[in-house]
Amino acid sequence: MRFDRDKVPDGDRLRRDARVAGLRDFRTPSLETVERRRRQLWLVTTIVIASVAAAVLVVTRPAGSSPQMLSEPLLRLSVIALAAACCAYAIEKEVHLGRATRMLTDERVLTAALTNRLHEVSLLLDAGRAINQLLDLPELLETVLRSACELLDANGGSMMLVEGDELVTLCVRGREEAVGAHLRLGEGIAGHVALRREPVLIEGHVDPKEFPGLADRAPYVESAMSLPLVHRDEVVGVLNVNAAADYAFTEYDLRAVAVFAEQAAAAIANARLYEAERAHVAELIELRHEHVGGAG
């Protein structure tokens, strides 16, 4: 049966390449072990090449200066063969060591990426549990915004809720004077996001023609994102997050926060429903008291 290398698992391939390169006492070699083996290989190769060069100098000395055990042509041929064999050995081992280095480097990159993703998932789960337990709207908005900033290691942001045909800023981190600001749907970045129900990733300067009614951003933010909060096909608000000065948001960041925004929208809708029911109950109680007082 023909051996198909492409079907060999990466772990088996890595171990085989390392064995061929001279690393035998291991199960899965570390990147440091492979790099140490590469340094040893090229140190030995350098010594051998230097020895070959010295031998060439000896062979090419004028005849009669010292007795020779081998004839000059045979000695030259032996030196060339030794150099060629040394180079072939070094190249073969370097090929396998280079392949092992690439696989181990890829493994480290993937491990680091997986660790980061697991951390983000943990933050998402914790934030989801926290916001789903809250029914007080101001506290919920503060928790949502704080969780989003922690998830992205962001510098600040804001929560805007839909009231009629406007967005009202109810919670802010980093620019508290913006609390209470009103923005019509369709105007600016947040209004555009609420109207179109599509998240926007901002990088650098924003073209006012793309977002009519855009106000100057003070202070200026190099990277930001704005996401619609949609629950049961209804836009309840917009989440805005600003990146730190030394970081730029990516499409992955946008997708990660979009998952969080879905949970936040549901929690906000529940909190608003709870507030409406509580107000309705308070109204009924007041009416009952008035009715009892009037009857008395």
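What residue, of 265, 258, is crowded, with 17+ Cβ neighbours inside 10 Å and either of a type in the set (Gly, Ala, Ser) or under 21 Å from residue 169 (Cβ atoms) (or both)?
Of 265, 258, the one residue that is crowded, with 17+ Cβ neighbours inside 10 Å and either of a type in the set (Gly, Ala, Ser) or under 21 Å from residue 169 (Cβ atoms) (or both) is 265.
Is one or more of the residues making up region 125-134 on the phi < 0 side of the Ramachandran plot, outside any helix (DSSP H, G or I), at pLDDT 70 or above and not polar (S, T, N, Q)?
Yes; the residues of region 125-134 include at least one that is on the phi < 0 side of the Ramachandran plot, outside any helix (DSSP H, G or I), at pLDDT 70 or above and not polar (S, T, N, Q).
If residue 89 satisfies every condition in (1) modelled with pLDDT of 75 or more; (2) under 30 Å from residue 109 (Cβ atoms) but one, which is the exception?
(2)
Could you run through region 207-224 and say how many residues are within 28 Å of the chain's Cα centre (by Cα), part of a loop (DSSP other than H, G, I, E, B) and at pLDDT 80 or above?
Total meeting the criteria: 1.
Has region 193-206 got any residue that is in contact with a strand residue (DSSP E or B) (Cβ under 6 Å, 6 or more places away or on another chain), closer than 19 Å to residue 142 by Cβ and assigned by TED's automatic domain parsing to the domain that holds residue 169?
no
Test of understanding: among 195, 170, 145, 141, which residue is surrounded by 14 or more Cβ atoms within 10 Å (Cβ to Cβ) and outside any helix (DSSP H, G or I)?
None of the other options fit; the residue is 170.
Of a type outside the set (Ser, Thr, Tyr), crowded, with 17+ Cβ neighbours inside 10 Å and either under 18 Å from residue 142 (Cα atoms) or out of contact with any helix residue (DSSP H, G or I) (no Cβ under 6 Å at 6 or more places or on another chain) (or both): is that true of residue 249 in this structure?
yes
The values are calculated or read from the model by the stated rules, or taken from the named source; none is laboratory data. Values in this document were obtained by computation on a predicted structure and should not be read as measured data. All Cβ positions, glycine included, derive from the backbone under ideal geometry; neighbour counts span all protein chains shown.
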